[in-house]
1. Report yes if Glu154 is of a type outside the set (Val, Ile, Thr) and modelled with pLDDT under 95, otherwise no.
2. Let me spell it out: the conditions are (1) within 23 Å of Gly250 (Cα to Cα); (2) in the same structural domain as Glu206 (by TED's automatic domain parsing); (3) out of contact with any Ser or Thr (no Cβ under 8 Å at 6 or more places or on another chain); (4) not polar (S, T, N, Q), and Asp55 meets all of them except one. Which number is the exception?
3. With of a type outside the set (Val, Ile, Thr) and not in a helix (DSSP H, G or I) as the only criterion, which of Arg231, Arg241 stands out?
4. Has the range 16-26 got any residue that is modelled with pLDDT under 90 and touching a strand residue (DSSP E or B) at 6+ places or on another chain (Cβ under 6 Å)?
5. Would you point out the residue of the range 1-18, among those that are part of a loop (DSSP other than H, G, I, E, B) and without any contact (Cβ under 8 Å) to a residue 60 or more places away in the chain, that is surrounded by the most Cβ atoms within 10 Å (Cβ to Cβ)?
6. Just for the range 19-37: of the residues that are part of a strand (DSSP E or B) and touching a Lys or Arg at 6+ places or on another chain (Cβ under 7 Å), which one is surrounded by the fewest Cβ atoms within 10 Å (Cβ to Cβ)?
7. Go through the range 47-81 and report how many residues are closer than 21 Å to Phe183 by Cβ and in a loop (DSSP other than H, G, I, E, B).
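The values are calculated or read from the model by the stated rules, or taken from the named source; none is laboratory data. Worth saying up front: this structure is predicted, and the values here are computed from it rather than measured. Methodologically, a virtual Cβ is constructed for each residue, glycine included, from the backbone with ideal geometry; neighbour enumeration extends over all protein chains shown.
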Amino acid sequence: MSLGRIVERVPELHDAASVERLEGGLTNTNWKVVSPAGTYVVRVFGRDTGLLAIDRENEVHNTRAAAEAGVGATVVAYLPEESVLVLEWIEAEVMSADSLRRGDRLVEVAAACRRLHAGRSFRDEFDMFAIQRGYLEIVRERGFRLPDGYLELEPHVRALEEAMRVRPEARVPCNNDLLAENFLWTGSGFRLIDYEYSGQNEPSFELGNVWSESNLSPGQLEELVAHYYGRPSPAKVARARLWGLMSKVGWTLWGSIQDAVSPIDFDFWAWAMEKYDRALAELDGPDFDRLLADVRRAD
């Protein structure tokens, strides 16, 4: 469906004064539409996203729940037959990895995560171990590119999974994809957007994914964990670091799938290899065995 037809279908978009394509977004096309009724984001879903473990009904349900929690954007309209989601426009500063690495807003990052996690339950569960296995099956069955040596990681990944199952955290509603650009600074706090991969998950995954996506320092992760849980915790830091590592292992395969199927003009393979190289460095690093031991200990 053309953007013009979408504007016709959604009353809030009628008589639009301006339409602007938004940069970014690796699975969808996003537009800013200004109309007499207000300013909105029109999100047109990408094709073949089911291969990426994205369920659009789950995304919309969870986006609404996040808005109720005071942290997400309000859903204005959902046109499932047209693969379109219309959201309120949030006037805010979009974060970057560099801006998060300054470290001056880690208290607010933790506060935004806590608000989201305290909201009503999301529809589906999110388990990066299951998602990684599913991605790997798709990549191998369809003959997509696989990084050299990836299959040799399996013993390490399964050891990581075994360690993480020893003392699981209670699951809460998580975004699960908090790259820096999904943090919007309003001047008084963060709003969190993009719930494609959202689901019930451990809060330490959220923190570890934030750490991994913005390449924060280990010390900044310790600070973020202390702000979130209200106290320092070596066991929670270990858990968050290992989830950050596992997210890189899983998202590497996401990049392989996108490299094969996405029409977006973006170097998904280079993106995946950056994740993979960092995962290898951590798996082969001096801290891996210690983290496996720490995560098994009582907090």
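1. Details: of a type outside the set (Val, Ile, Thr): yes; modelled with pLDDT under 95: yes.
Yes: the conditions hold for Glu154.
2. (2)
3. Details: Arg241 fails: not in a helix (DSSP H, G or I).
Arg231 is the lone residue from the list that is of a type outside the set (Val, Ile, Thr) and not in a helix (DSSP H, G or I).
4. Start the filter on the range 16-26 by keeping residues that are modelled with pLDDT under 90, which leaves 23-26.
Next, from what is left, pick out any that are touching a strand residue (DSSP E or B) at 6+ places or on another chain (Cβ under 6 Å): none.
Checking the range 16-26: not a single residue is modelled with pLDDT under 90 and touching a strand residue (DSSP E or B) at 6+ places or on another chain (Cβ under 6 Å).
5. Filtering the range 1-18 down to residues part of a loop (DSSP other than H, G, I, E, B) leaves 1-2, 10, 14-17.
With the extra rule that they be without any contact (Cβ under 8 Å) to a residue 60 or more places away in the chain, the set shrinks to 2, 14-17.
Details: Ser2: 7, His14: 12, Asp15: 8, Ala16: 19, Ala17: 9.
Here the residue is Ala16.
6. Narrowing the range 19-37 to residues part of a strand (DSSP E or B): 19-21, 28-35.
Filter once more, keeping what is touching a Lys or Arg at 6+ places or on another chain (Cβ under 7 Å): 20, 28, 30-31.
Numbers: Glu20: 10, Asn28: 20, Asn30: 17, Trp31: 19.
For the range 19-37, the residue satisfying everything is Glu20.
7. 7
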